[in-house]
Amino acid sequence: MENAPEPIETVKKGKCKVECQNKERFILIEKENGKVMYHTKTMMDIYKFGVYEKKHEFKLSLRALFNGERIVEETHLYPIKEGDKFIGIFYGYRKPIKKPLIKYQINGTRKAYALARAYYMEFRFKAGSVFCYFKGLYRLLDKKTNNHYNKVLFSMFMDLEQQVYKFYGKKYPERGSLIKWIIKNLK
């Protein structure tokens, strides 16, 4: 097998197979005023996260916008280098860098829409930032939507915040960044 494609890391989860792909981890890397800002693709939500002790890095697996739970992309947060500092986690929204076209079908009729806003979670450092964009993050701003998915999504973002602050050795604020952002932007 001379020209065999490289194997994709797969994990069994229940009845479905999960593929981990890291082809183009960032869609945009900006450099301005000595700071580097990394922007991920728009993803659905968080799949899993945690500290990888062997390499001393924080792995963040994000569920792809399409294909449900089948495609996962990983982003790594590395230890602080000398002269750098972890400032905190921030949330917000902006115009999407690349507008993903979302297609769906209802009763045999095909429909499509593009995202008008990209909601993000920013890991801010003295030397730059990592922006992770999520489609599901807007759901936390709606008072009317109080379902199981939103509760799980909220708890995952809160757990992620706490673990990232712990990883960088910074004290977690009494009210997390997510709660402050939700209260400020509640619809």
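The values are calculated or read from the model by the stated rules, or taken from the named source; none is laboratory data. Small disclaimer: the values here were computed from a predicted structure and weren't measured. With ideal geometry, Cβ positions are generated from the backbone for all residues, glycine too; neighbour counts draw on all protein chains shown.
Details
- Every residue from region 168-187 that is of a type in the set (A, V, I, L, M, F, W, C), assigned to a helix (DSSP H, G or I) and either surrounded by fewer than 13 Cβ atoms within 10 Å (Cβ to Cβ) or in contact with a Pro (Cβ under 8 Å, 6 or more places away or on another chain) (or both): Ile183
- Residue in region 146-155 that is surrounded by fewer than 16 Cβ atoms within 10 Å (Cβ to Cβ) and either assigned to a loop (DSSP other than H, G, I, E, B) or modelled with pLDDT under 85 (or both) present: yes
- Region 22-47: number of residues that are over 21 Å from Ala127 (Cβ atoms) and exposed (fewer than 15 other Cβ atoms within 10 Å of the Cβ): 3
- Of all the residues in region 79-92, those that are part of a strand (DSSP E or B) and farther than 16 Å from Leu153 by Cβ number 5.
- Checking region 116-138 against the condition returns a match, with at least one residue being of a type in the set (A, V, I, L, M, F, W, C) and in a helix (DSSP H, G or I).
- Qualifying positions in region 28-78 - in a loop (DSSP other than H, G, I, E, B) and in contact with an Asp or Glu (Cβ under 7 Å, 6 or more places away or on another chain): Ala64, Arg70, Tyr78
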